[in-house]
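The values are calculated or read from the model by the stated rules, or taken from the named source; none is laboratory data. This is a predicted model, so every value here is computed, not measured. Positions of Cβ are backbone-derived with ideal geometry, glycine not excepted, and every protein chain shown enters the neighbour counts. These area figures cover heavy atoms from the full protein model, side chains too; ligands, DNA and RNA do not enter into them. Shrake-Rupley method; radii C 1.70, N 1.55, O 1.52, S 1.80 Å.
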Amino acid sequence: MNHWLMKSEPDAFSIDELKRKKQEAWDGVRNYQARNFMRDGMRPGDKVFFYHSNCTVPGIVGIAEVATDAYPDPSQFDPKSKYFDAGSSRDNPRWMLVDVKFVKKLKRTISLDELKGHDTLAEMPLLRKGNRLSVMPVDATHWKYILALE
């Protein structure tokens with residue numbers, strides 16, 4: 001089993017919304033590296049840290065689980081979608097997604113600032129300078145360490 005971190009702006013899609021819906025397609029990813037993580041690395045049953053970004057206190061707010069293998073993101077084919085990609089075709093889709101399902105909301109937000117304060121997590125992709133990916137792997141050691149912070 002692999003571990004991941006997926007970022008979402010709470011105004012766009014929050015952990016509370018995932019809890020209410022129970023399962024949701026993680027659409028709109030338009031970065032090749034993040035797409036490759038979903039397409040090539042994620043498998044049903046993988047655990048995910050749900051991370052709120054671009055908010056007052058960015059941080060890990062919950063846990064989700066990958067519910068499906070990757071499949072073409074339908075928004076790339078919809079001209080009315082903000083994620084439309086005229087260069088993508090149904091025969092050779094450019095963008096993939098996975099469905100994620102709610103596991104739990106954390107008792108508290110484990111903030112980005114708090115994560116940065118732990119030397120054990122220094123090599124975590126989230127904490128590397130310039131990393132703005134919305135989907136990234138989490139090492140099993142980091143996963144266990146962060147769970148213990150809750």
* Answer from VAL61, VAL48, VAL57, VAL66 - the residue that is touching a His at 6+ places or on another chain (Cβ under 6 Å) and of a type in the set (Val, Ile, Thr) -> VAL61
* **Members of segment 14-30 that are open to solvent by 30 Å² or more (accessible area, probe 1.4 Å), part of a loop (DSSP other than H, G, I, E, B) and under 18 Å from LYS82 (Cβ atoms)** => ASP27, ARG30
* Do we have any residue at all in segment 79-91 that's touching a Ser or Thr at 6+ places or on another chain (Cβ under 7 Å), surrounded by 13 or more Cβ atoms within 10 Å (Cβ to Cβ) and in contact (Cβ under 8 Å) with a residue 12 or more places away in the chain? -> yes
* Asked: Taking segment 103-146 only, how many residues are surrounded by fewer than 16 Cβ atoms within 10 Å (Cβ to Cβ) and part of a loop (DSSP other than H, G, I, E, B)?
  -> 10
* Being open to solvent by 60 Å² or more (accessible area, probe 1.4 Å) and in a loop (DSSP other than H, G, I, E, B) is the filter here, so list the residues in segment 31-58 that pass it. => ASN31, ARG43, PRO44, ASN54, THR56, VAL57
* To do: Evaluate the following for PRO10: is it over 21 Å from TRP95 (Cβ atoms) and out of contact with any Asp or Glu (no Cβ under 6 Å at 6 or more places or on another chain)?
  => yes
* Can you name the residue in segment 71-86 that is of a type in the set (Gly, Ala, Ser) and over 15 Å from ASN31 (Cβ atoms) and is also nearest to the chain's Cα centre (by Cα) among such residues? -> SER81
